[in-house]
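Before any comments, here is the structure.
The values are calculated or read from the model by the stated rules, or taken from the named source; none is laboratory data. Quantities reported herein were computed from a predicted structural model and do not represent experimental measurements. FYI the Cβ positions are ideal-geometry reconstructions off the backbone, even for glycines, and counts take in every protein chain you see.
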Amino acid sequence: MPNDSAHAAPAAAHAVSRPLVEVSMLEKRYGESGPPVFSDVSFTIQPAEFVCLIGHSGCGKSSILNILAGLEQPSGGTVIMDGHEITRPGLERGVVFQGHALLPWLSAVQNVAFAVRSRFPTLSRAEIREKAEHYLHLVGLHNALDKKPAELSGGMRQRVGIARAFSTQPRMLLMDEPFGALDALTRGLIQEELLQICARTRQTVFMITHDVDEAILLADRVLLMSNGPDARLAESIDNPLPRTRTRESMHHETGFYDLRNHLVDFLVRRSALVGKGEN
Ligand SMILES: Nc1ncnc2c1ncn2[C@@H]1O[C@H](COP(=O)(O)OP(=O)(O)OP(=O)(O)O)[C@@H](O)[C@H]1O
C-alpha cells in the first residue's frame, strides 16, 4: 500500500509553523480600463491547513484560485509557495474543478494512473496501478475501477477527480466548488470522505465554496471577500469548532451558531459595504 508520507505536511501545528503559501497584494484586471476585479488581497496558508474562500459571484474567487494554480497571472502582487513564486502550473499543486475534466476514453483507474505516471514517471506499471487503486479505494470507488466516466454518476466522477488530485500527492490541493453540482446526499458523503482523507494525510487545501455550512464543516479558516468590482479580502475567520466535527454533530458544538450567523451576516449585509467606504 503506498504510504502518504510525501503527502504529509510538516508536523508543526499550522498556527505556529512557517506558511506554505504567502499571497501578497494580489490584484487582477482583465481589461485596460476600469477598476480591478480585486486588489490588495494578502493572506497566508499554513501547512496542513484547510482554508475556504467565500464571496459573492464575480468577486474574483476563481481568479485567485487560478493564480494559485498558475493558470492565470496576477496583474499585481505575488504568490510565493515554499519560497518560490508561482508563475505556472506545477504537479506540486493539484486542482479539482466543478466539472471533473476526466479523459472520457479512459477508465476510472486509468484516469488516476495517468496522473500518477506524470507525477512519478520512474514508478513501474504495477506501482502506478497500485497507487491509482489506493486513492480510488479512499474515495469509496473500489467497485468502479474499470468503469469509463460515461458509466459513472456525477458524484462518482467527481470522486475520481478528487482521487486523481490526491494521487499526485500535491503539497497543496486547490478546489473550485468541487461539490457544487452534486445532490445534497452525495455532497455530504464526499465532504466526510474528504475530511477523513485530509485528517489522515495532513493535506493542505484551498477551496472555494458558496455554501456556509460546507465551509464550517471543512475549513480551519474562512476567508471572506467583499463584492466586486475592486473586491477585497475583508475578513479571515478561524473556525473554533473541534476538528472532530461531523455534519450531524456540528450544530451542537459551542460557537456553531455564532460563526454561522457571522458568515451569513457578512454575505447578506456587509459584503457589499466593505471597501466602499460604508462599513
Ligand atoms: N478570462 C476572463 N476575461 C475577462 N473577464 C474575466 C475573465 N475571467 C473572469 N473574468 C471576470 O472577472 C470577474 C471575476 O470572475 P471570477 O470567475 O474570478 O469570480 P468568482 O468570484 O469566482 O465568481 P463565481 O462565484 O460566479 O464563480 C467577473 O466579473 C468575470 O466576468
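Here are the numbers:
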{"read-out": "Test: residue in the stretch 104-127 that is touching an Asp or Glu at 6+ places or on another chain (Cβ under 7 Å) and within 20 Å of ASN66 (Cα to Cα)", "value": "no"}
{"read-out": "Residues that are outside any loop (DSSP other than H, G, I, E, B) and either of a type in the set (A, V, I, L, M) or crowded, with 23+ Cβ neighbours inside 10 Å (or both), drawn from the stretch 30-39", "value": "PHE38"}
{"read-out": "Lone qualifier among THR87, THR78 - being part of a loop (DSSP other than H, G, I, E, B), more than 10 Å from the ligand (Cβ to nearest atom) and within 21 Å of MET25 (Cβ to Cβ)", "value": "THR87"}
{"read-out": "Given (1) touching a Lys or Arg at 6+ places or on another chain (Cβ under 9 Å); (2) in contact (Cβ under 8 Å) with a residue 60 or more places away in the chain; (3) not in a loop (DSSP other than H, G, I, E, B), number of the condition SER62 does not satisfy", "value": "(1)"}
{"read-out": "Residue under evaluation SER42, criteria (1) surrounded by 15 or more Cβ atoms within 10 Å (Cβ to Cβ); (2) modelled with pLDDT of 95 or more; (3) in a strand (DSSP E or B), criterion not met", "value": "(1)"}
{"read-out": "Where PHE50 falls short, out of the listed (1) out of contact with any Cys (no Cβ under 7 Å at 6 or more places or on another chain); (2) surrounded by 16 or more Cβ atoms within 10 Å (Cβ to Cβ)", "value": "(1)"}
{"read-out": "Subset of the stretch 228-266 (residues that are among the basic types (Lys, Arg), surrounded by 18 or more Cβ atoms within 10 Å (Cβ to Cβ) and more than 16 Å from the ligand (Cβ to nearest atom))", "value": "ARG245"}
{"read-out": "Residue match in the stretch 134-149 (condition: of a type in the set (Phe, Trp, Tyr), outside any strand (DSSP E or B), surrounded by 15 or more Cβ atoms within 10 Å (Cβ to Cβ) and touching a helix residue (DSSP H, G or I) at 6+ places or on another chain (Cβ under 9 Å))", "value": "yes"}
